[in-house]
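No value in this document is a laboratory result; all are computed from the given coordinates. Computed from a predicted model, the values in this text were never measured in an experiment. Positions of Cβ are generated from backbone atoms using ideal geometry, with glycine treated the same way; all protein chains shown enter the neighbour counts.
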Amino acid sequence: MEQRIHISNVENSPSMCFDTGLDPRSFARTKMSQSLIEQGYVVGPDGSHQEWRASGVCERNGYMRVFGSPFQGKRLDLLINDRAQSSKQTALEALACWIKAKLFLGDTRSALNPGASFIGTDGSVFFAPENLSNRCLFMEGSQLDTYNCPDLAGIDTAAFCAAVMLYRILTGVHPYPSAEVYQDMREGVFLPIQLATPNLNEKLAGLINSALLLPVAKKRTVNNAADILSGFLEILTNKENGINSVSLLFNTLPAEKKEQAEKEKKIFLLKQNSYIKTKRFVLRNKHLLIGISIGILFLLFVVVSTVQGNSNRPTTRGMSPAVVIKEYYEAFSSLNHPFMEACIMGADKSDIKAAANLFAIVRTRQAYEMTATPSIIQARIWRESGGELPSPNVFGVTDLSVDYMSGSEDSGLIIYRAEYMLWAPDENFARNRSDILTLRPDRHRNWRIIEIIRTER
């Protein structure tokens, strides 16, 4: 990978160079010339610091390069990412210098990305101009600064960044290895370092975890960022103000405790991964899930309503065949078409249609005339009260007789003859009818009418 931030000769003089990857026109259009007034910082090991500014711009191979006074040192991100075991100590010493420099600068904003920091052999630190260095790191392919959470500011950023770098140095892996690195940072999704390296110094492990939880308000500990950074230096530094050996940061761990820690790690990762996958799936598909939930609730409502409606529907349960017939004609007279439906199973439904149509007419007339008094008088009641003609508002059956013809309840099929007089509104005479009705039980063993053969005279 080509390093876009490096020391190179410009006009026969060593300079700190920033290769922007922009041709002259693009450089002008993106206003990168403003980088000449953007400041960086050089912080000495004693805490003294001075501003660094670019001294000029030149063209190299058709692309613009910003340059300034040199700083002899190594890039911090390259030291941290060096996986050689012998490089851990060098990276730890470089990180201690970086932490000291951040504490010396305090609230003064300096470059956050470790790729923009150089560590000198004397312990001094160069923080490159932030926007300029970010442009160059982007051109290198480092599109994501995986060491900093964008939600943090001030000294909190330094503490978080230091913890991520320490985690990387001490465990060999990044605490946020997934592609959803920023979401993991915001939600505190990482393997606690005591599970990644169970023999690590407990105090150091606690400080690293505290720093990594700074972006998560609900999980944030009482430690503030300055205390965390000071705690890191206290553990890393020995009595001679040197940096402790990496091996001194780890304790000897019995074999059984290692096995137990490995089991705890597997259980933790299993629970965390399941929870996070479920949570993020719900968040990504919340609109779809809400729609499905509404659909399920609506379906349940329809099913429950249907079940309740069916349970409340009239039936012929407990009625003998003869009673079913008598109640059928009584319902016809009172325009109770729902009960008539319950009596019929396959037979002609012309009586039901007539009752339903007349019922609709009566209700419409009641609504129009704004009265609760029915406009139709049941024929049986009319006859019992004297039955005088004319009878314009009379409807129903009178003089009903029901006679057994054949079949039996045991055989599951029975036939009756029903003879009666039917009175209709606006008619001054009754129709004499004779119906042959066949009944059989349904699957609930309720007797119902399956056929009506009618003779009218």
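Structure summary
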read-out	value
All positions within segment 111-134 that are within 35 Å of the chain's Cα centre (by Cα) and buried (at least 20 other Cβ atoms within 10 Å of the Cβ)	Leu112, Asn113, Pro114
Helices (runs of 4 or more DSSP H) contained entirely in segment 66-159, each with at least 2 residues that are within 25 Å of Leu204 (Cα to Cα) and either among the polar types (S, T, N, Q) or touching a Leu at 6+ places or on another chain (Cβ under 6 Å) (or both)	87-105
Residue that is in a loop (DSSP other than H, G, I, E, B), β-branched (Val, Ile, Thr) and surrounded by fewer than 19 Cβ atoms within 10 Å (Cβ to Cβ), where the choices are Val173, Val189	Val173
Filtered residues of segment 280-337 (kept if under 22 Å from Ala356 (Cβ atoms), in a helix (DSSP H, G or I) and of a type in the set (Lys, Arg))	Lys326
Residues of segment 264-281 that turn out to be within 16 Å of the chain's Cα centre (by Cα) and surrounded by fewer than 11 Cβ atoms within 10 Å (Cβ to Cβ), as a count	3
Subset of segment 428-441 [surrounded by 15 or more Cβ atoms within 10 Å (Cβ to Cβ), charged (D, E, K, R) and out of contact with any Gly (no Cβ under 8 Å at 6 or more places or on another chain)]	Arg433, Asp435
Some residue of segment 60-77 being among the basic types (Lys, Arg) and touching a residue at least 60 places away in the same chain (Cβ under 8 Å)	yes
Among the residues listed as Ala255, Ala205, the single one being without any contact (Cβ under 8 Å) to a residue 40 or more places away in the chain, more than 19 Å from Leu152 (Cβ to Cβ), among the small types (Gly, Ala, Ser) and in contact with a helix residue (DSSP H, G or I) (Cβ under 8 Å, 6 or more places away or on another chain)	Ala205
Some residue of segment 151-160 being surrounded by fewer than 17 Cβ atoms within 10 Å (Cβ to Cβ), in contact (Cβ under 8 Å) with a residue 60 or more places away in the chain and either hydroxyl-bearing (Ser, Thr, Tyr) or more than 26 Å from Cys17 (Cα to Cα) (or both)	yes
Residues located in segment 19-38, provided they are hydrophobic (A, V, I, L, M, F, W, C) and not in a loop (DSSP other than H, G, I, E, B)	Phe27, Ala28, Met32, Leu36
Hey, Thr364 surrounded by fewer than 17 Cβ atoms within 10 Å (Cβ to Cβ) and not in a helix (DSSP H, G or I) or not	no
Selection from segment 325-343 of residues that are farther than 23 Å from Trp382 by Cα and surrounded by 19 or more Cβ atoms within 10 Å (Cβ to Cβ)	Ala342, Cys343
Qualifying positions in segment 375-415 - among the β-branched types (Val, Ile, Thr) and in contact with a helix residue (DSSP H, G or I) (Cβ under 8 Å, 6 or more places away or on another chain)	Ile376, Val394, Val397, Thr398, Val402, Ile414
Single condition Phe27 does not satisfy, out of (1) surrounded by 14 or more Cβ atoms within 10 Å (Cβ to Cβ); (2) under 30 Å from Lys100 (Cα atoms); (3) touching a strand residue (DSSP E or B) at 6+ places or on another chain (Cβ under 8 Å)	(2)
